[in-house]
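One structure is given below, encoded as structure tokens.
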Amino acid sequence: MLTGMTSEPEQQIGVGTPDAFQRLWTPHRMAYIQGESKPSGPGAGDGCPFCEIPSKSDEDGLIIARGEKVYAVLNLYPYNGGHLMVVPYRHVADYTELDAPETAELADFTKRAMVALRAASGAHGFNIGMNQGAEAGAGIAAHLHQHVVPRWGGDTNFMPVVGHTKVLPQLLGDTRTMLAGVWPAVLPSV
């Protein structure tokens, strides 16, 4: 058990009927909930984090690999450990706006992400996709990004269902270092 943690429910006077639940406080999530770092508009100069990330060091930007047309970066609010995104450098919102070289490199980086995640973490499967438009669930709809989420048998437990909380066993910087170390320079032959 962590220092200062107790298995006993904390009693607070005057806040209603106490329950038997413990609380897992995640104040860092407020940045996501409040839309911190969300673009203020649709243009590349409107505070788009996907346009700003490539100007940072790989470590500071959580960039796993850089290509000519796209880059791979960890998701700041991952669904699972290793959840990354493949992002074109060019600020486009819709998949149909990618040119042929961008489309090809996005597909290639998606395959490399799968190889790296299998090598680093033994992923059993993947959820791969993109949400096109805010109405479809895109958190940053103005800049296209494809999610690659590693999955393992039994990786869903009661925490997200009951507690609306994800428990991630590794810090993002450590995950970035691990994946960057196994990112394939070339894909294995099939």
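Data for the structure
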| item | result |
| --- | --- |
| Accessible area (Å², per residue) of region 81-156, counting only protein heavy atoms and a probe of 1.4 Å | 43 |
| Heavy-atom SASA rank of 63, 53 (probe 1.4 Å, accessible area, largest first) | 53, 63 |
| Amide H contacts of residue 64 (H built 1.01 Å from N, under 5 Å, at least 5 apart or other chain) | 72, 73, 74 |
| Per-q log10 I(q)/I(0), region 64-141, q = 0.15, 0.17, 0.18 Å⁻¹ (Debye; single scatterer per alpha-carbon; no solvent) | -0.54, -0.70, -0.78 |
| Amide hydrogen neighbours beyond the local backbone of residue 126, cut-off 5 Å, H modeled | 151 |
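The values are calculated or read from the model by the stated rules, or taken from the named source; none is laboratory data. No experiment lies behind these values; they were computed from the predicted model shown. These accessible areas exclude ligands, DNA and RNA; they are computed on the full protein's heavy atoms, side chains included. Shrake-Rupley method; radii C 1.70, N 1.55, O 1.52, S 1.80 Å.
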